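Quick note: the coordinates plus some simple rules give every number you see, no bench work behind them. In this text the structure is predicted, and so the values were computed from the model without any measurement. Every residue, glycine as well, gets a Cβ built from its backbone with ideal geometry; the counts of neighbours run over all protein chains shown.
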Amino acid sequence: MTERPTTDEIEQAITADSDAWRVTDWTEVNKSGSPATLEVEFEHIPRAERLDNPARQIKETIKEFGGDDGAKIETVVSAVADRNDSDPDAVRSQIERLRTKGEVYEPRQGQLRTT
């Protein structure tokens, strides 16, 4: 490997197919002349913190509760968390991930809409 991967690149590689594990730490090890080895530590995400297809659920909930101004963030968080018996912070994290990707946005503070 010529360049060290960023934390985001590692996380993206790990979470591409599943959200059951998260990267907690990683290091690049190079033992005198040997090619570098990447050591990655993972942490299992408990069921209460996981959502099944979170992007779809969040978008559908935004559409369900959204009016002209969008849906209230806390309404979306509560509804998705309740339906999945999940931690509200896990839902907020997924919403932030969708905002970063541009799949949802905040037209007004505290409101969400899909793109």
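Around Trp21, which amide H atoms from residues at least 5 apart in sequence, or from another chain, sit under 5 Å from its own amide H, with H modelled in the peptide plane?
Counting only residues 5 or more places away or on other chains, the set is Ile45.
Just to be sure I understand the model, the point goes 7 Å from the Cα along the line to the Cβ. What's the resulting Ile10 to His44 distance in nm?
That separation, rounded to one decimal, is 2.1 nm.
Which number do you get for Rg(Cα) / (2.2 N^0.38 Å) in the range 48-114?
0.97
Could you go through the range 83-96 in sequence order and give the Karplus-derived ³J(HN,Hα) for each residue, using 6.51 cos²θ - 1.76 cosθ + 1.60 with θ = phi - 60°, rounded to whole Hz, and x for Gly and Pro?
5, 10, 6, 10, 6, x, 5, 5, 5, 4, 4, 5, 4, 5
Sequence-distant or interchain residues sharing an amide H contact under 5 Å with Gln111, placed H: which?
Ile73
Under 18 Å from a point placed 7 Å out from the Cα of Asp69 along the Cα-to-Cβ direction: which residues of the range 85-115 have their backbone N that close?
Flagged as within label range: 105-114.
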